[in-house]
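Coordinate-derived values only; no laboratory data. This is a predicted model, so every value here is computed, not measured. In this analysis, Cβ positions are derived from the backbone assuming ideal geometry, glycine residues included, and neighbour counts consider all displayed protein chains.
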Amino acid sequence: MIYLNQAGYAPNSTKRATITGNNHYNLFSADGKKILSGECTLEFDENSGENAAVIDFSEVTEEGRYFFADEDNFRSPEFVISKNHYDQALRDSMKMFYFQRCGMELEEKYAGVYKRKACHCGGGYILGDRFQRRKMLGGWHDAGDYGRYVTAGAVALAHLLYGYEMFPGALTLNLNIPESGGSLPDILAECKYELDWILDMQDEDGGVHHKCTSASFCGFIMPDEDDLDMVITPVSSLATADFVAIMALASRIYHKFDEPYSNTLAAAARKSWTWLIKNPSFIFENPKEVTTGTYEDLCDADERFWAAAEMYRLDKNEDAMKVILGTMELHLSMHCLGWADVAGLGTLSIINSGTDFFGKDLYNRLVMKWLDEADRLKLISQSNAFGITLRPIEFTWGSNMVILMNAMILCVAHKLTGDDSYLKSAQYQLDYIFGRNAMDLSYVTGIGERAFKHPHLRPTAADNIDAPIPGFVSGGPNFRPCDEAANPDNMSDVPAMKRYADDVRSYSTNEITIYWNSPLVFVLGYMNSL
Ligand code: 9MR
Ligand code: 9MR
Ligand code: ZN
């Protein structure tokens, strides 16, 4: 077999594929002309359980369509070499957020065949008080379920907004959404849809509720058919700190487009910051009557660090600096970018502010930590035939997110240093996502000749349309699967990279989420900005 990036390669980039089972390969142009052939030496690869080798075909630079074949009648998917090879993937992965919108009709002119009625317009009640109701209209459905969760939403927004701040041009695309042509770039209009919902999760005193979901997951029905009441669960310091960070960040970004809105966001951030420094840690646990996702996280020090970094950028206030310096003593990982560990988002904010805003000493310490991590990831990616930054036990639930966040770290390292070796390793992570993996699948719906087709996503399961909505990233292989489709008993002998089922029932390997799409947008945006 030969596994490759089905979304294609840029003409002058490093081009790699992975070969298994045979050590001879041929590259053909789509009209059948042999372009290149070669031999490689296979070695055991522990992630995939295959004997595998890297094929480097960087010398082929001519734009066009190609495929690989070997001596055993094997033929790979066709792929392009083209300057624009990521354009569709970027647009579709950005449009995904529109398709996750809650509380409004998705009209045919924007959603095409995936049009659907407005959902979840009945509001929700504050847990413990059925008579205290809130509108709770808007925001994005988190995932394959219809819940809305503040910590998950804030992290997805962060990837999009930091991306926009770092390379606005590449993310300023027409997404054909209702706001297109208005005063905001489409990406910011889309983010505003989520920000406005998150604003509603704030209490009078500044505390922020953790999530708004039905008490248990509804069945596999269209969202407008879900008439379960929404429960607004208690305040957590995790959600409150993420709220502060995302509101302060957004207030900076929207300032030049809409000053009153930017002021509203800043005021909301300040109010919750005051709550945060007055209150101890309130970790979230599901109340006994609620069984939807928890996003459980036992430590809020990293959330507070991110909030402090953004508050310092907003107001240069001393209590924020105190929190930042205090966190530096805690030996946290300072590069993590996922929903549970967000210190990397704070680090990113500090690094992006330049050398002097927080002081040279802090800047240099954080840049060093960041580059240490990027070096570690680069070494791993250089030492296996698939070029990935993971080892078998790191294929956790949502392993594709880990791959993509590692790619984010590598992109930022490239931006800081100009060192191409970081960029190459980042590219290999995208290669894996788009098909250079032992499942021979592109993990983005609609992108590539062999893209996964059966996401654990309620509208796609219920809409009677064969093709899934395009642009959605699968969670990916899970070393400890826990659903009936990717049954752990059947998978005990399966190597980590293959513990995956393209099956609608497989929530632990094949769900989609907003924060699995957002790092893809960041990385594709970065690539397109070069
Ligand atoms: O969608 C699944 C539902 O049909 C099952 O009854 C339930 C059992 O735990 O799991 C649901 O899957 C969840 C998903 O829709 C949202 N993400 C987490 C999943 C499992 O907790
Ligand atoms: O993405 C989350 C993953 O990292 C966790 O291991 C998993 C179990 O706690 O939960 C995932 O989050 C789900 C959330 O709880 C509810 N919506 C769907 C999310 C994706 O499966
Ligand atoms: Zn909804």
Which far-off residues, 5 or more places away or on another chain, put their amide H under 5 Å from the one on GLU511, with H placed in the peptide plane? HIS456, GLY475, GLY476
What's the magnitude of the charge dipole for segment 248-379 around its Cα centre, counting Lys and Arg as +1 and Asp and Glu as -1 at the beta-carbon? Answer in Debye, nearest 20. 360 debye
Segment 420-512: percent of C-alpha pairs farther apart than 19 Å? 42 percent
Amide H contacts of TYR146 (H built 1.01 Å from N, under 5 Å, at least 5 apart or other chain): CYS218
With +1 on the Cβ of every Lys and Arg and -1 on the Cβ of every Asp and Glu, the dipole magnitude of segment 87-357 about its Cα centre, in debye rounded to the nearest 20, is 360 debye
Treat the count of other C-beta atoms within 10 Å as a stand-in for reagent exposure and order PHE257, PHE99 from fewest to most. PHE257, PHE99
Inter-centroid distance (Cα atoms) of segment 52-78 relative to segment 176-228, Å: 43 Å
What number, in percent, do you get for the relative contact order of segment 87-357 if the mean sequence gap of Cα pairs under 8 Å and at least 6 apart is divided by its residue count? 17 percent
Which residue, chosen from MET408, ALA340, SER214, occupies the Cα position most advanced towards the positive end of the dipole of the chain, where the dipole is computed from +1 (Lys, Arg) and -1 (Asp, Glu) charges on Cβ about the Cα centre? MET408
With N residues in the chain, what two-decimal value do you get for its Cα radius of gyration over 2.2 N^0.38 Å? 0.95
Assuming R0 = 56 Å, can you tell me the calculated FRET efficiency for the pair PHE44 and PHE131, based on Cβ-Cβ distance, to the nearest 0.05? 0.30
Counting other beta carbons within 10 Å of each Cβ, put VAL290, VAL155, VAL444, VAL402 in order, fewest first. VAL290, VAL402, VAL155, VAL444
Exposure proxy order (Cβ contacts within 10 Å, fewest to most) of GLU303, GLU78, GLU289: GLU289, GLU78, GLU303
Quick check on my link table: of LYS278/LYS378; LYS115/LYS271; LYS83/LYS115; LYS271/LYS378; LYS34/LYS453; LYS15/LYS498, which ones sit more than 30 Å apart, alpha carbon to alpha carbon? LYS278/LYS378; LYS115/LYS271; LYS83/LYS115; LYS271/LYS378; LYS34/LYS453
With Cβ to Cβ distances under 9 Å as the rule, what net charge do the other residues near CYS218 carry (K, R +1; D, E -1)? -3
Do you know the relative contact order of the chain, to the nearest whole percent, from alpha carbon pairs under 8 angstrom that are 6+ apart? 17 percent
Over the Cα atoms of segment 346-403, what Rg and Dmax result, in angstrom? 14.8, 42
Solvent-free Debye scattering, log10 I(q)/I(0), computed from the Cα coordinates of segment 162-214 at q = 0.12, 0.14, 0.19, 0.25 Å⁻¹: -0.40, -0.52, -0.75, -0.92
Taking the Cα centre of each part, how many Å lie between segment 462-481 and segment 499-530? 9 Å
Note on the chain: helices (DSSP H) long enough, at least 30 Å by alpha carbon along their axis, and hydrophobic enough, mean Kyte-Doolittle at least -1.0, are 360-382
Just tell me which aspartates and glutamates come within less than 14 Å, Cα to Cα, of LYS109; anything on the same chain fewer than 8 places away is out. GLU179
Segment 87-357: Rg to Rh, with Rh as the Kirkwood radius over Cα pairs: 0.96
